[in-house]
Amino acid sequence: GITQEDLIIPRAKLIQALSPEITEGLGVKPGDIINSLTKEGLPDEFIPVFLFKNYIRFNPRSKADPNFDPAYEPGAVIWKSADPEDPKVVTETRFGPNGEKPIATTFLNFFSYFPGVPMPVIVSFSKTSYRAGRQLLSLAKFCGGDMFSRKYRLTSLMETNDIGTYAVFKVVPVGSTPSADYSLCERLWNDFSAKAKDIQVHEETTDDTGDGTP
(Lines give C-alpha, C1' and ligand atoms only; values in the text may rest on other atoms or scores of the structure.)
Protein backbone atom coordinates (compact mmCIF):
# COMPACT_ATOMS: atom_id res chain seq x y z
CA GLY A 1 0.00 0.00 0.00
CA ILE A 2 3.01 2.33 -0.08
CA THR A 3 2.88 4.99 -2.79
CA GLN A 4 5.36 7.56 -4.02
CA GLU A 5 3.56 10.23 -1.99
CA ASP A 6 4.48 8.34 1.21
CA LEU A 7 8.22 8.66 0.57
CA ILE A 8 10.44 11.54 1.62
CA ILE A 9 13.43 12.06 -0.68
CA PRO A 10 16.52 13.53 1.04
CA ARG A 11 18.35 16.60 -0.19
CA ALA A 12 22.02 17.13 -0.78
CA LYS A 13 22.32 19.68 2.03
CA LEU A 14 25.05 22.27 1.78
CA ILE A 15 26.28 23.11 5.27
CA GLN A 16 26.39 26.81 6.14
CA ALA A 17 27.93 28.59 9.14
CA LEU A 18 24.58 28.63 10.97
CA SER A 19 23.40 25.14 9.97
CA PRO A 20 22.16 23.20 13.03
CA GLU A 21 24.35 20.21 12.09
CA ILE A 22 27.42 22.19 13.18
CA THR A 23 26.15 22.61 16.75
CA GLU A 24 24.89 19.01 16.85
CA GLY A 25 28.46 17.71 16.94
CA LEU A 26 28.33 15.87 13.61
CA GLY A 27 31.86 16.91 12.69
CA VAL A 28 30.81 18.95 9.67
CA LYS A 29 31.96 22.39 8.56
CA PRO A 30 30.66 25.07 6.18
CA GLY A 31 30.89 23.85 2.60
CA ASP A 32 30.36 20.17 3.42
CA ILE A 33 27.58 18.37 1.53
CA ILE A 34 25.54 15.77 3.41
CA ASN A 35 22.44 13.64 3.01
CA SER A 36 19.76 15.67 4.82
CA LEU A 37 17.99 12.55 6.05
CA THR A 38 20.88 10.35 7.23
CA LYS A 39 23.30 13.24 7.99
CA GLU A 40 26.07 11.27 6.24
CA GLY A 41 28.52 12.85 3.81
CA LEU A 42 27.73 12.34 0.13
CA PRO A 43 30.17 11.13 -2.55
CA ASP A 44 31.54 13.81 -4.88
CA GLU A 45 30.09 12.28 -8.05
CA PHE A 46 26.39 12.09 -8.90
CA ILE A 47 24.12 11.38 -11.86
CA PRO A 48 21.09 13.65 -12.43
CA VAL A 49 18.07 11.61 -13.55
CA PHE A 50 15.46 14.31 -14.24
CA LEU A 51 14.62 17.89 -13.35
CA PHE A 52 11.59 19.36 -11.64
CA LYS A 53 11.00 22.86 -10.31
CA ASN A 54 9.14 24.06 -7.28
CA TYR A 55 8.53 27.38 -5.63
CA ILE A 56 8.46 28.33 -1.96
CA ARG A 57 7.80 31.59 -0.16
CA PHE A 58 9.65 31.72 3.15
CA ASN A 59 8.86 34.30 5.78
CA PRO A 60 11.79 36.74 6.14
CA ARG A 61 14.00 36.12 9.16
CA SER A 62 13.99 39.80 10.07
CA LYS A 63 10.78 41.26 11.47
CA ALA A 64 11.87 44.61 10.06
CA ASP A 65 11.55 43.27 6.52
CA PRO A 66 8.50 44.84 4.79
CA ASN A 67 7.46 41.37 3.55
CA PHE A 68 7.50 39.84 7.04
CA ASP A 69 4.22 38.09 7.93
CA PRO A 70 3.60 38.02 11.71
CA ALA A 71 1.31 35.01 11.29
CA TYR A 72 4.40 32.84 10.65
CA GLU A 73 7.66 32.22 12.46
CA PRO A 74 10.81 33.83 10.98
CA GLY A 75 12.10 31.64 8.14
CA ALA A 76 8.97 29.47 8.05
CA VAL A 77 7.19 28.39 4.87
CA ILE A 78 4.26 30.64 3.95
CA TRP A 79 3.32 28.69 0.83
CA LYS A 80 4.81 26.20 -1.62
CA SER A 81 3.80 25.14 -5.12
CA ALA A 82 5.00 23.00 -8.03
CA ASP A 83 2.69 24.71 -10.54
CA PRO A 84 4.38 27.43 -12.65
CA GLU A 85 0.91 28.78 -13.52
CA ASP A 86 -0.07 29.22 -9.88
CA PRO A 87 -0.99 32.92 -9.47
CA LYS A 88 1.26 33.19 -6.39
CA VAL A 89 4.18 31.75 -8.37
CA VAL A 90 3.58 34.08 -11.31
CA THR A 91 3.48 37.24 -9.18
CA GLU A 92 5.92 36.47 -6.34
CA THR A 93 8.87 34.88 -8.20
CA ARG A 94 9.42 37.91 -10.45
CA PHE A 95 11.73 40.85 -9.88
CA GLY A 96 10.03 44.13 -9.02
CA PRO A 97 9.83 47.14 -11.34
CA ASN A 98 12.91 48.67 -9.71
CA GLY A 99 14.93 45.47 -9.52
CA GLU A 100 13.57 44.31 -6.17
CA LYS A 101 14.32 40.63 -5.51
CA PRO A 102 11.42 38.15 -5.74
CA ILE A 103 9.75 37.44 -2.41
CA ALA A 104 9.42 33.72 -3.26
CA THR A 105 12.25 31.33 -4.13
CA THR A 106 12.52 29.21 -7.29
CA PHE A 107 14.22 25.81 -6.91
CA LEU A 108 15.84 23.78 -9.68
CA ASN A 109 15.64 20.24 -8.34
CA PHE A 110 17.62 17.41 -9.90
CA PHE A 111 16.39 13.98 -8.84
CA SER A 112 19.75 12.24 -8.67
CA TYR A 113 21.66 9.05 -7.99
CA PHE A 114 24.92 9.13 -6.01
CA PRO A 115 26.83 5.89 -6.73
CA GLY A 116 27.11 3.90 -3.51
CA VAL A 117 24.15 5.65 -1.84
CA PRO A 118 21.13 3.31 -1.60
CA MET A 119 18.50 6.04 -1.95
CA PRO A 120 17.89 8.79 -4.52
CA VAL A 121 18.85 12.32 -3.45
CA ILE A 122 17.56 15.71 -4.60
CA VAL A 123 20.28 18.18 -5.61
CA SER A 124 18.46 21.49 -5.28
CA PHE A 125 19.70 24.85 -6.55
CA SER A 126 18.28 28.19 -5.43
CA LYS A 127 19.31 31.78 -4.77
CA THR A 128 23.10 32.13 -5.02
CA SER A 129 23.49 28.48 -6.15
CA TYR A 130 20.87 28.93 -8.88
CA ARG A 131 23.54 29.80 -11.45
CA ALA A 132 25.23 26.43 -10.89
CA GLY A 133 21.88 24.73 -11.41
CA ARG A 134 21.36 26.50 -14.71
CA GLN A 135 24.85 25.49 -15.79
CA LEU A 136 24.09 21.85 -14.96
CA LEU A 137 20.81 22.00 -16.86
CA SER A 138 22.52 23.56 -19.89
CA LEU A 139 25.25 20.90 -19.91
CA ALA A 140 22.68 18.12 -19.65
CA LYS A 141 20.48 19.54 -22.44
CA PHE A 142 23.08 20.67 -24.96
CA CYS A 143 25.01 17.37 -24.86
CA GLY A 144 21.95 15.43 -26.03
CA GLY A 145 20.72 12.01 -24.96
CA ASP A 146 19.26 11.14 -21.60
CA MET A 147 20.12 13.43 -18.72
CA PHE A 148 21.43 10.41 -16.81
CA SER A 149 23.88 9.44 -19.55
CA ARG A 150 26.52 11.69 -17.93
CA LYS A 151 27.83 12.11 -14.43
CA TYR A 152 29.07 15.20 -12.63
CA ARG A 153 31.13 16.22 -9.62
CA LEU A 154 29.34 18.22 -6.92
CA THR A 155 31.52 20.38 -4.70
CA SER A 156 31.22 23.77 -3.02
CA LEU A 157 33.05 27.06 -2.85
CA MET A 158 32.83 29.98 -0.46
CA GLU A 159 31.58 33.39 -1.55
CA THR A 160 31.24 36.67 0.32
CA ASN A 161 28.77 39.53 0.04
CA ASP A 162 28.13 42.62 2.16
CA ILE A 163 26.32 40.49 4.75
CA GLY A 164 28.72 37.59 5.21
CA THR A 165 30.42 34.50 3.80
CA TYR A 166 28.45 31.49 2.62
CA ALA A 167 28.87 28.29 0.59
CA VAL A 168 27.48 27.71 -2.91
CA PHE A 169 27.35 24.61 -5.08
CA LYS A 170 29.80 24.00 -7.91
CA VAL A 171 29.19 21.39 -10.63
CA VAL A 172 31.58 20.08 -13.32
CA PRO A 173 31.12 17.19 -15.80
CA VAL A 174 33.31 14.11 -15.30
CA GLY A 175 32.33 11.74 -18.12
CA SER A 176 29.81 9.15 -19.25
CA THR A 177 27.66 7.07 -16.92
CA PRO A 178 28.74 3.41 -16.56
CA SER A 179 26.20 0.95 -18.00
CA ALA A 180 25.18 -0.51 -14.63
CA ASP A 181 24.49 2.96 -13.18
CA TYR A 182 22.68 3.96 -16.39
CA SER A 183 20.28 1.02 -16.01
CA LEU A 184 19.59 1.92 -12.37
CA CYS A 185 18.94 5.57 -13.29
CA GLU A 186 16.62 4.47 -16.07
CA ARG A 187 14.55 2.53 -13.53
CA LEU A 188 14.44 5.58 -11.25
CA TRP A 189 13.28 7.71 -14.16
CA ASN A 190 10.49 5.22 -14.95
CA ASP A 191 9.41 5.03 -11.31
CA PHE A 192 9.46 8.72 -10.35
CA SER A 193 9.56 11.17 -13.28
CA ALA A 194 5.88 10.95 -14.24
CA LYS A 195 4.84 12.15 -10.77
CA ALA A 196 7.63 14.62 -10.12
CA LYS A 197 5.15 17.21 -8.81
CA ASP A 198 4.19 14.86 -5.98
CA ILE A 199 7.75 14.27 -4.74
CA GLN A 200 8.14 15.15 -1.07
CA VAL A 201 11.55 16.76 -0.55
CA HIS A 202 13.05 16.45 2.93
CA GLU A 203 13.44 19.55 5.11
CA GLU A 204 11.68 22.19 3.06
CA THR A 205 10.28 23.70 6.24
CA THR A 206 12.60 26.65 6.80
CA ASP A 207 14.85 28.84 4.70
CA ASP A 208 18.29 27.35 5.34
CA THR A 209 20.08 28.48 2.18
CA GLY A 210 22.49 30.45 4.33
CA ASP A 211 23.38 32.94 1.61
CA GLY A 212 23.13 35.98 3.80
CA THR A 213 19.58 36.81 2.77
CA PRO A 214 17.63 38.17 5.76
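What the table shows:
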read-out: The stretch 35-77: trypsin sites (Lys or Arg not before Pro) in DSSP loop, at most 12 other beta carbons within 10 Å; value: K63
read-out: DSSP-loop chymotrypsin sites (Phe, Trp or Tyr not before Pro) across the stretch 39-109, with at most 15 other Cβ within 10 angstrom; value: F68, Y72, F95
read-out: E73, E92, E186, reordered so the largest accessible area comes first (probe 1.4 Å); value: E73, E186, E92
read-out: Nitroxide proxy distance, nm - points 7 Å out along Cα→Cβ at D162 and N190; value: 5.4 nm
read-out: Per residue accessible area of the chain, 1.4 Å probe, in Å²; value: 54 Å²
read-out: Rounded to 10°, Cα long-axis angle of helix 179-192 versus longest principal axis of the chain; value: 50 degrees
read-out: Stretchable slack from R131 to D146, in nm (0.36 nm times residue separation minus alpha-carbon distance); value: 3.2 nm
read-out: Whole-percent carbon and sulfur share, accessible surface of the chain, 1.4 Å; value: 53 percent
read-out: Cross-link pairs beyond the 20 Å C-alpha cut-off, checked among K127/K170; K127/K195; K80/K127; K80/K195; K88/K127; K13/K127; value: K127/K195
read-out: For q = 0.10, 0.14 Å⁻¹, Debye-computed log10 I/I(0) when each Cα of the chain counts as one equal scatterer; value: -0.45, -0.90
read-out: For the chain, size of Cβ-based charge dipole, Lys and Arg +1, Asp and Glu -1, in debye; value: 560 debye
read-out: Full-extension gain in nm, L139 to N98, via 0.36 nm per residue minus C-alpha separation; value: 11.6 nm
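The values are calculated or read from the model by the stated rules, or taken from the named source; none is laboratory data. Keep in mind the model is a prediction, meaning the values are calculated, not measured. So basically every Cβ, Gly included, is an ideal-geometry build from the backbone, and we count neighbours across all protein chains shown. Just the protein is used for accessible areas: all its heavy atoms, side chains included, with ligands, DNA and RNA removed. Shrake-Rupley method; radii C 1.70, N 1.55, O 1.52, S 1.80 Å.
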